[in-house]
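Here the structure is laid out as structure tokens; the discussion comes afterwards.
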Amino acid sequence: MAKAPEEFIPLSQATYYILLSLREVRHGYGIMQDVSEISQEEVKMGPGTLYGALGKLEKQEVIIKAEVNDGERRKYYKLTELGKQVVQLEYNRLTSLVENAKEIIKELGGEKDGD
């Protein structure tokens, strides 16, 4: 039986970006490229990290293999409904962390009004 979405939180940075990348069906190399792009080059993922994470996420039913007939032997992946819930929960958690800290960071002189 699949876990509840809340049981996956918090996600690692790499996993969060993989799930964001799977907003559309992608193959492994496409995921690596998209993760680099959406993280503004902060996260660069090697094949070992990526395929290890994909295998685990597939086993947990957060993602599934997608049927794509492109004439290649690539494996394509997409989010399941559970995966969509997990990424939304993580987004909400991260947003809450930032919002809750905003005033404190201003007090520390780290962020100016109007930023």
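Going by the structure shown, is LEU22 surrounded by 16 or more Cβ atoms within 10 Å (Cβ to Cβ), in contact (Cβ under 8 Å) with a residue 60 or more places away in the chain, touching a Lys or Arg at 6+ places or on another chain (Cβ under 7 Å) and within 25 Å of ALA4 (Cα to Cα)?
yes
When the stretch 67-99 is filtered for residues that are within 16 Å of PRO5 (Cβ to Cβ) and not in a helix (DSSP H, G or I), the ones remaining, listed by number, are LEU79, THR80.
When you scan the stretch 23-47, how many residues do you find that are under 15 Å from ARG74 (Cβ atoms), part of a helix (DSSP H, G or I) and either polar (S, T, N, Q) or in contact with a strand residue (DSSP E or B) (Cβ under 6 Å, 6 or more places away or on another chain) (or both)? Steps first, answer last, please.
Residues of the stretch 23-47 under 15 Å from ARG74 (Cβ atoms): 24-34, 47.
Restricting the remaining residues to those that are part of a helix (DSSP H, G or I) gives 28-34, 47.
Add one more test, that the residue is either polar (S, T, N, Q) or in contact with a strand residue (DSSP E or B) (Cβ under 6 Å, 6 or more places away or on another chain) (or both), and what stays is 33.
So the answer is 1.
Here LEU20, LEU54, LEU11, LEU50 are screened, and the one residue that is assigned to a helix (DSSP H, G or I), modelled with pLDDT of 95 or more and either among the polar types (S, T, N, Q) or within 17 Å of GLN88 (Cα to Cα) (or both) is LEU20.
Can you confirm whether ALA101 is surrounded by 13 or more Cβ atoms within 10 Å (Cβ to Cβ), in contact with a Ser or Thr (Cβ under 8 Å, 6 or more places away or on another chain) and of a type in the set (Gly, Ala, Ser)? Judged against the criteria, ALA101 is not a match.
The values are calculated or read from the model by the stated rules, or taken from the named source; none is laboratory data. Keep in mind it's a predicted model, so treat the numbers as computed, not measured. Counting neighbours? That spans all protein chains shown, and the Cβs are built from the backbone with ideal geometry, glycine included.
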